[in-house]
Amino acid sequence: AVRGLMASHAEVQAALDTFAASEQPGELNEVLIKPIHEIARTGIVSYKWGSLSFVLVHRLRDVLRDSPPPKEGEVASYQQGEGTWEESCASVCSMLHSLDGPPFTVQRLCELLAKPTQHHRSRLKLLSAVDKLVSVSTLSPTYSPEEAVVILEQAEKRVAEERARAEAELALRREQQQQALAAAAAAAGGG
């Protein structure tokens, strides 16, 4: 499964580069959305930030546009001292695009962009969450596709080992419970 990442990586990177270079980029397609879901799942960035950030900003604009509007009271309180809704959206998008690399919060950012309404029911709350995620100075490393594969394979191995260990512990506990029940039944029957 992890090796499939490298097979399509060049195709995805080429699509990201083309999208970023386009003056009229258009809609995001499945290939362009793929890195957002990968990063949301793994936290590993293996695409060029310069191209990826264009897609993240475009997705953020789409998500904010398509999210349910904030309640009337929220709009009024949000706008006090913060500028208009459009200015606030533009400011957050600009902060994201101006980062020199992926923020250390990139996994959570991609989780929100992949499933924007799962945790935030209004675009105000979503914008506020994204604002906090991009208002950071610490950056996350960007890996080559080969490094990403190694990291993912190591993570999958650790998960498999932990799962096997947990299953063995559970089997041992069940066996001990059965022995205790059998001993209790024997003591009750013999006493």
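Of 56, 24, 177, whose Cα points farthest to the positive end of the dipole of the chain (charges on the beta-carbon: +1 Lys, Arg; -1 Asp, Glu; origin at the Cα centre)?
177
Ranked from highest to lowest mean number of other Cβ atoms within 10 Å per residue, what is the order of the peptides 60-68, 169-177?
Peptide ranking by packing, descending: 60-68, 169-177.
Classify the stretch 21-73: rounded, prolate or oblate, from the alpha-carbon gyration tensor (a ≥ b ≥ c, eigenvalue square roots; a/c under 1.5 rounded; otherwise prolate if a/b is larger than b/c)? Mind dumping the intermediate values first?
Details: a/c = 2.41, a/b = 1.48, b/c = 1.63.
Note, shape of the stretch 21-73 comes out oblate.
Please give the per residue accessible area of the chain, computed with a probe of 1.4 Å over protein heavy atoms only, in Å².
Ligands and nucleic acids excluded, the result is 60 Å² per residue.
Which value at 222 nm does the chain reach when only helices count, each DSSP H run of 4 or more adding -39,500 (n - 2.57), with the total divided by all residues and rounded to the nearest 500 deg cm²/dmol?
Numbers: 8 runs with 139 residues, N = 191.
Result for the chain, helices only: -24500 deg cm²/dmol.
Which of the three applies to the chain, rounded, prolate or oblate, going by the alpha-carbon gyration tensor with a ≥ b ≥ c and a/c under 1.5 meaning rounded? Write out the running numbers ahead of the final one.
Numbers: a/c = 3.36, a/b = 1.73, b/c = 1.94.
In terms of gyration-tensor shape, oblate.
If contacts are Cα pairs under 8 angstrom and at least 6 residues apart, what is the relative contact order of the chain in percent?
So the answer I get is 28 percent.
Peptides 156-165, 9-18: what's the order by average Cβ count within 10 Å, highest mean first? Display every interim value, and only then the final one.
Values: 156-165: 10.2, 9-18: 16.2.
Ranking the peptides 156-165, 9-18 by packing returns 9-18, 156-165.
The values are calculated or read from the model by the stated rules, or taken from the named source; none is laboratory data. Given the structure is predicted, the values throughout are model-derived calculations rather than measurements. Neighbour counts run over all protein chains shown; Cβ positions are idealised from the backbone, glycine included. Just so you know, the surface numbers come from the protein's heavy atoms only, side chains and all, with ligands and any DNA or RNA stripped out. Shrake-Rupley method; radii C 1.70, N 1.55, O 1.52, S 1.80 Å.
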